[in-house]
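Have a look at the structure below before the remarks.
Every read-out reported here was derived from the displayed coordinates using simple, explicitly stated rules and does not represent laboratory data. Values in this document were obtained by computation on a predicted structure and should not be read as measured data. Here the Cβ positions follow ideal geometry from the backbone for every residue, glycine too, while neighbour counts run over all protein chains shown.
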Amino acid sequence: MDARGKALVAWPKCLIPTKKGVLGIKNLKLQNEALLLKHLDKFYNQKDIPWVKLIWHAYYSEGQIPHETPNKASFWWRDIMTYTDHYRGIATCRVGDGKTVMLWNDLWNGHLLKDEFPRLYSFAKNVKISVADYVGNQSIHDQFHLPLSQEAFQELQSLNTITQGLQTVIAQQQKDQWHYIWGTSIYSTAKFYSIPFIALRPPDPFGWIWKSKCTKKVKIFIWLMFLDRLNTRNILRRKNCPIQGGSYNCILCESNVEETAFHLFFECQFSVACWSILHINWQTTLEFFQMIEDAKEKFNKPFFMEVFIMASWHIWKQRNGLIFDQQISTEHTWWRAFKDEVTLQVHRTNNNLRDNLLSWLDSVAPEV
């Protein structure tokens, strides 16, 4: 939020986990769903738990498939059962007794038969039949509307090949086992929570922010910079916010250039002078995140991100001091503020990194 209470970043973006380079505020709706699915994991795998046995006996004792049975249970259980589609979306059944899984509409033993045999599926009399009931009675007259088309009959032969070995398996009366898309039979709320974000591939510098040893406030500041959400004069102009004097140019230099985040931190004469003290040179012709990676590689020290974050933070503070308090901004005042910040933040690092950082700080100190 800015000072007026307006969002700087869209709320859904703030809910993306820190591993994906964002704030990682917990999405309570998604987390609640992940926790409720733990009950379905215990239920479908028929764990040896009193409440699981009670529900199976009370509501499904006649062989009904839970997710295809009109639910007349308590409203607590009905609420949990509303998530069965989500559960079946992340789980596949390894058939045991075949009583908890539908032949056509569930993914079992690597097959989703309604898609694998669409023509035969269109002739099925009961598309909600369980694997156990179908294997127990494979009569073509009982299971399908006749006559079958030639294509459907060929698919029936393929189906018989798949179900041929199930009679022995079902006869052993082992429980169905539900396995998950992350490759195990153990349900994990954390793995379920991460599913919506699997495809996100943020640039590496986003991850470096949260691994740094700086305080949360300055981490968020750099995160906003990377997203181009800092309230620079360019952003204020884009938001149609008038400013005193009417000029949207950079106040730290006399180059008569509009103050964008990129100009302020990487091209401004004042900023370039500050970075030169730290022996950091920016290849501004590169794409932004490639430029950050290039500077990190050339800096070749494990505390690059800490230095970058704190240096940028005090460039921003020098800019704000000049605008709001009419404080004179010089490389010397920036250096003193930067050095004091490093001295405070360094206590958050381990001993080895602390010693190296302080030693480096002394080596780059400008002559007064």
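Computed quantities for the displayed model
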{"read-out": "Kirkwood-Stokes translational diffusion coefficient of segment 233-368, alpha-carbon pairs, 4 °C, 1.567 mPa s, µm²/s", "value": "81"}
{"read-out": "In degrees, nearest ten, helix 288-299 long axis to first principal axis of the chain (Cα)", "value": "70"}
{"read-out": "Packing-based exposure ordering (other Cβ within 10 Å, fewest first) of L103, L120, L15, L236", "value": "L236, L15, L120, L103"}
{"read-out": "Candidate aspartates and glutamates - alpha carbon under 14 Å from K301, same-chain residues fewer than 8 apart omitted", "value": "E293, D355"}
{"read-out": "Extension gain (nm, one decimal) between R237 and Q172, 0.36 nm per residue minus Cα-Cα", "value": "16.1 nm"}
{"read-out": "Charge dipole of segment 276-339 about the Cα centre (unit charges at C-beta), most positive-ward option of Q327, N300, T285", "value": "Q327"}
{"read-out": "Nearest-20 debye value, segment 1-103 charge dipole, Cβ charges on Lys, Arg, Asp, Glu", "value": "520"}
{"read-out": "Listed values [x] 1.30; [y] 1.00; [z] 1.50, entry calculated as Cα Rg over 2.2 N^0.38 Å", "value": "[z]"}
{"read-out": "Semi-axis lengths (Å, descending) of the ellipsoid that matches the C-alpha gyration tensor of segment 23-197", "value": "31, 19, 15"}
{"read-out": "Within the chain, longest stretch clear of exposed GluC sites (Glu not before Pro) (DSSP loop, no more than 12 other Cβ within 10 Å)", "value": "63-253"}
{"read-out": "Rounded to 10°, Cα long-axis angle of helix 331-345 versus longest principal axis of the chain", "value": "40"}
{"read-out": "Cα centre as origin, Lys/Arg/Asp/Glu Cβ charges: the chain dipole, Debye", "value": "980"}
{"read-out": "Qualifying lysines (Cα of each under 16 Å from Cα of K42; at least 8 residues distant if same chain)", "value": "K53, K99, K175"}
{"read-out": "Mean residue ellipticity (222 nm) of the chain, computed from DSSP H runs ≥ 4 via -39,500 (n - 2.57), nearest 500", "value": "-14500 deg cm²/dmol"}
{"read-out": "FRET efficiency estimate (nearest 0.05) - Cβ-Cβ, A199 to H332, R0 45 angstrom", "value": "0.40"}
{"read-out": "Helix axis angle, 50-59 relative to the chain longest principal axis, alpha carbon, degrees", "value": "50"}
{"read-out": "Shape of segment 167-272, Cα gyration tensor, a/c cut at 1.5", "value": "prolate"}
{"read-out": "Selected from L200, F123, N351, residue furthest toward positive end of dipole (the chain; charges at beta carbon)", "value": "N351"}
{"read-out": "Chain lengthening between L146 and Q164 when straightened (0.36 nm per residue, less Cα-Cα)", "value": "4.3 nm"}
{"read-out": "Förster radius 30 Å - calculated FRET efficiency between E68 and S139, Cβ distance, rounded to 0.05", "value": "0.90"}
{"read-out": "Cross-link pairs beyond the 23 Å C-alpha cut-off, checked among K6/K317; K6/K239; K6/K219; K13/K191; K20/K339; K38/K216", "value": "K20/K339; K38/K216"}
{"read-out": "Exposure proxy order (Cβ contacts within 10 Å, fewest to most) of C93, C253, C14, C274", "value": "C14, C253, C93, C274"}
{"read-out": "Percent RCO, i.e. relative contact order, over the chain, from Cα pairs under 8 Å lying at least 6 residues apart", "value": "14"}
{"read-out": "Candidate lysines for bridging to K298, where Cα separation is under 21 Å - those fewer than 8 sequence places away on the same chain excluded", "value": "K211, K213"}
